[in-house]
Amino acid sequence: MRKIEHIGIAVKSLEVSNVLFEKLFGQPPYKEEEVASEGVKTSFFMNGPNKIELLEATNPDSPIAKFLEKKGEGIHHIAFDVNDINEEVIRLKKEGFVILNEIPKKGADNKLVVFLHPKGTNGVLIELCQEIK
Ligand SMILES: CC[C@@H](C(=O)O)C(=O)SCCNC(=O)CCNC(=O)[C@H](O)C(C)(C)COP(=O)(O)OP(=O)(O)OC[C@H]1O[C@@H](n2cnc3c(N)ncnc32)[C@H](O)[C@@H]1OP(=O)(O)O
Ligand SMILES: [Co+2]
């Protein structure tokens, strides 16, 4: 695992939160993307070397809709950049982590992603990201 790739924040409205984060960072999102398989619409902000992913639910079964219902808006996950996502899955499985999808899936911003269950990581949902080359 290398650096933090992004921090995911669950929001009720991308439209509203885009304005807020644009004021915070002094620049607009560099990208907006829908990931239908996850039931989310996302926008991405860079602040120096740090990347923030805002996530709005696109349907009531989306993990983001469920999260907003239970916990409200806030930090939803921390994503780490990895060199070889399949190797990391094997390593973390051996260490006893609960892998939510052993087969990497297509995420946003040109990444393959795997999630670890928050119950095994002190209540924090962890995402692994490998850039698609
Ligand atoms: C845009 C694509 C991608 C990217 O490229 O960056 C993304 O970031 S997509 C982000 C959205 N996708 C996901 O989150 C996929 C992985 N998540 C899941 O598979 C599920 O959300 C889950 C973590 C397995 C939970 O699902 P489920 O068990 O169906 O939901 P519950 O609401 O019943 O929650 C059970 C339990 O887990 C706690 N929980 C849920 N989400 C989180 C979270 N993000 N962080 C911490 N804890 C979380 C929830 O509070 C429940 O706890 P208890 O009430 O104590 O049982
Ligand atoms: Co993410």
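What net charge is computed for the residues neighbouring V82, neighbours being all others with C-beta under 9 Å from the C-beta of V82, Lys and Arg scored +1, Asp and Glu -1?
On the way: positive: R2; negative: E5, D81, D84, E87, E88.
Computed value for this residue: -4.
Between the residues F45, M1, N83, the greatest Cα displacement towards the positive end of the dipole of the chain, with unit charges on the Cβ of Lys, Arg, Asp and Glu, is found for M1. One compactness figure for region 62-102 is 1.50, namely its Cα radius of gyration divided by 2.2 N^0.38 Å. The charge dipole of the chain, taken about its Cα centre with unit charges on the Cβ atoms of Lys, Arg (+1), Asp and Glu (-1) only, comes to about 320 debye. For region 78-126 versus region 1-56, the inter-centroid distance based on Cα atoms is 20 Å. Electrostatic tally near P29: other residues with Cβ closer than 14 Å to its Cβ, Lys and Arg +1, Asp and Glu -1, net -4.
All Cα-Cα distances of region 1-55, cut into 5 Å bins from zero to the largest, leave 5, 19, 32, 25, 13, 6, 1 percent in each bin in turn. Which stretch or stretches of region 111-133 have amide N atoms under 18 Å from the point lying 7 Å from K66's Cα along the Cα→Cβ direction? Counting only backbone N, you get 114-128.
Each residue, F80 and S37, gets one label point 7 Å from its Cα in the Cβ direction; the gap between the two is 2.2 nm.
Evaluated at 10 °C with a viscosity of 1.306 mPa s, what Stokes-Einstein diffusion coefficient in µm²/s does region 19-86 have when Rh comes from the Kirkwood expression over alpha-carbon pairs? It would help to have the intermediate numbers written out before the result.
Values: Rh = 13.4 Å.
Roughly 119 µm²/s, to the nearest whole number.
When the P(r) of the chain is calculated, the portion above 26 Å amounts to 20% of the C-alpha pairs.
With contacts taken as Cα pairs under 8 Å at a separation of at least 6 residues, region 9-133 carries a relative contact order of 21 percent.
Just so you know, all these numbers are worked out from the coordinates, no wet-lab data involved. Being a predicted model, the structure only gives us computed values, none of them experimental. All Cβ positions, even for glycine, are placed from backbone atoms using ideal geometry, and neighbour counts span all protein chains on display.
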